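The values are calculated or read from the model by the stated rules, or taken from the named source; none is laboratory data. Computed from a predicted structure; not experimentally measured. Cβ coordinates were reconstructed from backbone atoms using ideal geometry, including for glycine residues, and neighbour counts include every protein chain displayed. Keep in mind that these areas ignore ligands, DNA and RNA; they rest on the heavy atoms of the full protein, side chains included. Shrake-Rupley method; radii C 1.70, N 1.55, O 1.52, S 1.80 Å.
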Amino acid sequence: MSSKALSTWVEVPVNSDFTIHNIPFGIYSDKSVKHRAASAIGEYIIDLYELAAAGLISVNREVLEQIVLNDFITLGKPSTTKVRQEIIKLLSDENSELKKNQGLREKVLKKQSAVNLLMPVRVGDYTDFYSSMDHAVNIGTMIRDPKNALMPNWKHLPVGYHGRASSICVSGHSFHRPKGQQKPADAENPVFGPCKLLDIELETAFIIGKATQLGDSVSTAEADDYIFGMVLFNDWSARDIQTWEYIPLGPFLSKNFASTVSPWIVTLEALEPFRVKGYEQVPKLLPYLQYEGNKNLDIKLDVILKTQNGEEHPVCSSNYKYMYYTMEQQLAHHTVNGCNINVGDMMGSGTISGPDPSEYGSFMELTWRGTKPIKLKDGSERKFVNDYDTIILRGHCEKEGMRVGFGECVATVLPAKP
Ligand code: MN
């Protein structure tokens, strides 16, 4: 049966991100459940522990009652893919035990709005790349030289840095505006205080599904075996702190105070139908970075600003397909020196900007360093993010009636702690 022919007996609202083609993985809690693995369909979560207890999916239920998915993912793709296929079958088969048994159905399907979605994995290590050419050109034009916006290495390797895992939070959290050193352009000495230029970075991240040993390298051809799935990722950034601190070793305190991820991991299998051709990469890359096939992805991305009064304002729309380097190239580069990776490691794409100014993935670019403020419907302006602003990322793929989405990645900024 072709995947396009799939349907489900569960009612799925039009434009739901959680169709039968998706079947992502996450962790939930509610009044009676401390933490369990789940999937999603329409407006419901699917309690995978209950499915396993009823013998309807082939997985040891112990790995489904952990606080994170790491043990489940460690079972390996043959096992997790089989579970996903079994869930799809239960939801599409009109005669499935899940459909027929009302008592079981009530234990398994719970309204997403009635549960809490928790951080899906324990992130051991987090890396962030810088792989959108439009973003790199915009930043290089702004802070260096419009004629030489890209550094000489940029088209030869996916530039990245090691970030901090401890401050990665799941959607729905709030955090205090960071404080730190800034050096105003006209001042001789640095000052200390709350960040004035708090920014977002519209990103996705991929999650490692298979560990390597120190010394091993993953080729571009093997990379997909090591990528479990993707999430939306908001890499919050303090631009004024960053400008002063980043020379010569790169971002530090301007990036490690908070990052937000969406709660559902959309598997690479679910994203496969949305593969598109990648950028033509000129000059030619070294052999270890070359790859074959369509390895980019057509994922529509949106950023919405919700002001304190609850009004939503569209900020930008971009697309993952604007990435110059693919995830497979990023992973091949990350491991080419023998750096080992672990299940749950998270690798950020870098800010994803498109060629049109409405497709820029940060306020830094959208307002061109604050020189062109964004006008909101209520008449107010934004150069960067204000206290009590909520930022919402959304992302989905759509093709021939198939839709696979990520849900939302939401966080609210609180005033700096006194
Ligand atoms: Mn970033």
**Q.** Close pairs (7 angstrom Cβ cut-off, 6 or more residues apart or separate chains): assigned by TED's automatic domain parsing to the domain that holds Gly354 and under 23 Å from Ile208 (Cβ atoms) in the stretch 266-293, open to solvent by less than 60 Å² (accessible area, probe 1.4 Å) and modelled with pLDDT under 95 anywhere
**A.** Pro273/Ser3
Q) Do we find that Ala52 is more than 23 Å from Glu94 (Cβ to Cβ) and among the small types (Gly, Ala, Ser) in this structure? A) no
Q: Would you check which residues across the stretch 113-141 are away from the ligand (no atom under 16 Å from the Cβ) and surrounded by 18 or more Cβ atoms within 10 Å (Cβ to Cβ) and list them?
A: Val115, Leu117, Leu118, Met119, Pro120, Val121
Q. Which of the residues that make up the stretch 232-250 are away from the ligand (no atom under 14 Å from the Cβ) and free of Cβ contacts under 8 Å to residues at least 40 places away in the same chain?
A. Ile247, Pro248, Leu249
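Determine whether the stretch 398-405 contains at least one residue that is touching a residue at least 12 places away in the same chain (Cβ under 8 Å) and closer than 23 Å to His173 by Cα.
Among the residues of the stretch 398-405, at least one is touching a residue at least 12 places away in the same chain (Cβ under 8 Å) and closer than 23 Å to His173 by Cα, which makes the answer yes.
Take the conditions within 16 Å of the ligand (Cβ to nearest atom), assigned to a loop (DSSP other than H, G, I, E, B), of a type in the set (A, V, I, L, M, F, W, C) and not assigned by TED's automatic domain parsing to the domain that holds Ile23 and apply them to Leu253. Does it pass?
In short, yes.
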Q. Which residue out of Gly370, Gly350 is open to solvent by 10 Å² or more (accessible area, probe 1.4 Å) and assigned by TED's automatic domain parsing to the domain that holds Asn294?
A. Gly370
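Quick one: is Val159 touching a residue at least 24 places away in the same chain (Cβ under 8 Å) and closer than 24 Å to Val266 by Cα?
Spelling it out, it is not the case that Val159 is touching a residue at least 24 places away in the same chain (Cβ under 8 Å) and closer than 24 Å to Val266 by Cα.
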Q. So which residues in the stretch 355-387 are within 16 Å of the ligand (Cβ to nearest atom), within 17 Å of Asn138 (Cβ to Cβ) and part of a loop (DSSP other than H, G, I, E, B)?
A. Tyr360, Gly361, Ser362, Phe384
Q: Could you tell me whether any residue of the stretch 305-317 is touching a strand residue (DSSP E or B) at 6+ places or on another chain (Cβ under 7 Å), more than 16 Å from the ligand (Cβ to nearest atom) and part of a helix (DSSP H, G or I)?
A: no
Q: Inspect the stretch 197-204 for any residue being within 26 Å of Ser353 (Cα to Cα), surrounded by fewer than 18 Cβ atoms within 10 Å (Cβ to Cβ) and either within 16 Å of the ligand (Cβ to nearest atom) or modelled with pLDDT under 95 (or both) and give the result as yes or no.
A: no
Q) Does the stretch 263-283 contain at least one residue that is within 16 Å of the ligand (Cβ to nearest atom) and at negative phi? A) no
Q) Is at least one residue of the stretch 285-298 closer than 17 Å to Glu408 by Cβ and part of a strand (DSSP E or B)? A) no
Q | Elements of type helices (runs of 4 or more DSSP H) contained in the stretch 63-181, each with 1 or more residues being assigned by TED's automatic domain parsing to the domain that holds Tyr324 | A | 133-143
Q) Quick check, is Gln213 in a strand (DSSP E or B), open to solvent by 60 Å² or more (accessible area, probe 1.4 Å) and in the same structural domain as Val410 (by TED's automatic domain parsing)? A) no
Q: Can you tell me which residue within the stretch 142-189, out of those that are under 23 Å from Gln330 (Cβ atoms) and of a type in the set (Phe, Trp, Tyr), is farthest from the ligand (Cβ to nearest atom)?
A: Trp154
Q | Odd one out for Lys77 among (1) within 16 Å of the ligand (Cβ to nearest atom); (2) buried (at least 19 other Cβ atoms within 10 Å of the Cβ); (3) not aliphatic (A, V, I, L, M) | A | (1)
Q. Has the stretch 2-13 got any residue that is assigned by TED's automatic domain parsing to the domain that holds Lys110 and within 28 Å of Met346 (Cα to Cα)?
A. no
Q: Search the stretch 44-64 for residues that are in contact (Cβ under 8 Å) with a residue 40 or more places away in the chain and pair each with any residue that is open to solvent by less than 20 Å² (accessible area, probe 1.4 Å) and part of a strand (DSSP E or B) when their beta-carbon atoms are under 7 Å apart and the residues are at least 6 apart or on different chains.
A: Ile45/Tyr28; Ile45/Ala38; Ile46/Ala38; Ile46/Ser39; Ile46/Ala40; Asp47/Ala38
Q. Can Val231 be described as buried (at least 21 other Cβ atoms within 10 Å of the Cβ) and either under 19 Å from Arg369 (Cβ atoms) or at pLDDT 95 or above (or both)?
A. yes
Q. For the stretch 374-394, how many residues are open to solvent by 60 Å² or more (accessible area, probe 1.4 Å) and touching a residue at least 12 places away in the same chain (Cβ under 8 Å)?
A. 6
Q: Please give the number of the condition Gln242 fails out of (1) at pLDDT 95 or above; (2) open to solvent by less than 50 Å² (accessible area, probe 1.4 Å); (3) outside any helix (DSSP H, G or I).
A: (3)
